[in-house]
Structure formats: C-alpha cells, structure tokens
Amino acid sequence: MQMRTIWQRLIQVIGALTFALSLWGLYLLVDGFWSELVRPLHMAEAPFFRQAFFTMNAIDAQFLVAMILTAAGLLLLKIRAMKVYTWLWVMLVVFVSAGGLLWTIRGPVGMSIAAASGVGDMGLGPLLFYPFPFVYPILSVGLVNLAARQLRVTTVRLGTPRGAVVPQ
C-alpha cells in the first residue's frame, strides 16, 4: 500500500470516527433537551438555568452539525474540510473554556451557567471526552494536519496542482 493511500485512509478514519462521535453527541443533546422540556429542573440558586441550558444546547447543536458536515468532507478527502476541521476544534475548545470561565461570575448568573454546563453540554461530551478528556481533539487535529501536509507534498512531487488531493 502506498504512503499516499495510508494518509488518505487515516483522514477518512478520523472523519468516520468524528461523524460517529458527533451523531452520538447529537443523540445525547436531543435526549437532554427533551428531558428538560418534560421534567424542568428548578433550583433557587440557579434562577437562569433554563436560559443558560437552552443557549448552550443551541450552540452545541451548531457545533455538532458543523462537525458532522466537516467529517463528511474528511470522508471525501476535501482539502477545505481538513482546514475547517482544525478551526472548528479551536473554536470548540475556546467555547468550552469560556463556559468554564463564566462559572466564576458571582451570584445567580454564574451558578446558573455552572448548573447548565453540568447537564447542558452533554452533546459535546463524546467529542471532547472520548476516550479521555481532550485526547481525541488533540490527536485527530494533529493527525489530520500531518496527513494533509504529507498529501500536499506528495501531490507536488507527482505534478498535480498544489493543494489538490486526488483519491486513488
């Protein structure tokens, strides 16, 4: 098997795994959303829980849909998807970190955000915490970028236009 084919398969495996983890996350998101609609959580210490919960779920849903579309692009070996994949993960990690920082707001707003984070970010859980916290994001982004770089080097050597990935 040629090295080029190995790099392509690596990108496709990451795309398939990301697709599966994102679908799992979408299931968890819908399940959590439905649970909150059917059995609303009321806490005196967190009066803005529902607003924080629904805001987080809306943002999580957008990330999951973007991740599913990007994973499909990785399966098709699209150069643009490889670039978007990296930036999507950067934005996702910033979003999760910002949510953690918002917990430090004193009073009911910070408490509401913290409470909603515990149950509201379930949809991102499979992507961020499988198999261990932040291992998959770091490894997958590193491998996709390495593979994309190797494929660009190979295409330049083969005389195809720079940046074009030609599936075999």
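The table that follows gives values for the structure above.
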quantity	calculated
Matching residues, region 43-75, being in a loop (DSSP other than H, G, I, E, B) and touching a Pro at 6+ places or on another chain (Cβ under 8 Å)	Glu45, Ala46, Pro47, Phe48
Qualifying residues in region 92-108 (those that are assigned to a helix (DSSP H, G or I) and either out of contact with any helix residue (DSSP H, G or I) (no Cβ under 8 Å at 6 or more places or on another chain) or among the acidic types (Asp, Glu) (or both)) - the one nearest to Ala147 (Cα to Cα)	Val94
All positions within region 1-42 that are of a type in the set (Gly, Ala, Ser), more than 21 Å from Asn57 (Cβ to Cβ) and free of Cβ contacts under 8 Å to residues at least 24 places away in the same chain	none
Test: Ser112 is at pLDDT below 90, among the polar types (S, T, N, Q) and part of a helix (DSSP H, G or I)	yes
Selection status of Ile14, crowded, with 18+ Cβ neighbours inside 10 Å and either closer than 18 Å to Pro137 by Cα or not acidic (Asp, Glu) (or both)	yes
Within region 76-91, considering residues that are assigned to a loop (DSSP other than H, G, I, E, B) and of a type in the set (A, V, I, L, M, F, W, C), the one farthest from Asn145 (Cα to Cα)	Leu76
Failed item, numbered, when Phe48 is tested on (1) without any contact (Cβ under 8 Å) to a residue 24 or more places away in the chain; (2) open to solvent by 80 Å² or more (accessible area, probe 1.4 Å)	(1)
Residue check for Phe95: closer than 23 Å to Glu36 by Cα and free of Cβ contacts under 8 Å to residues at least 60 places away in the same chain	yes
Of the criteria (1) within 16 Å of Arg4 (Cβ to Cβ); (2) assigned to a helix (DSSP H, G or I); (3) at pLDDT 85 or above, which one Arg152 fails	(3)
Residue within region 104-118 that is more than 21 Å from Gly142 (Cα to Cα), surrounded by 15 or more Cβ atoms within 10 Å (Cβ to Cβ) and without any contact (Cβ under 8 Å) to a residue 12 or more places away in the chain present	yes
Selection within region 67-85 - closer than 18 Å to Leu128 by Cα, open to solvent by 30 Å² or more (accessible area, probe 1.4 Å) and out of contact with any Gly (no Cβ under 9 Å at 6 or more places or on another chain)	Leu69
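The values are calculated or read from the model by the stated rules, or taken from the named source; none is laboratory data. Keep in mind that what you see is a predicted model, and the values were worked out from it rather than measured. No Cβ is skipped: glycine too gets one built from the backbone with ideal geometry, and neighbour counts run over all protein chains shown. Just so you know, the surface numbers come from the protein's heavy atoms only, side chains and all, with ligands and any DNA or RNA stripped out. Shrake-Rupley method; radii C 1.70, N 1.55, O 1.52, S 1.80 Å.
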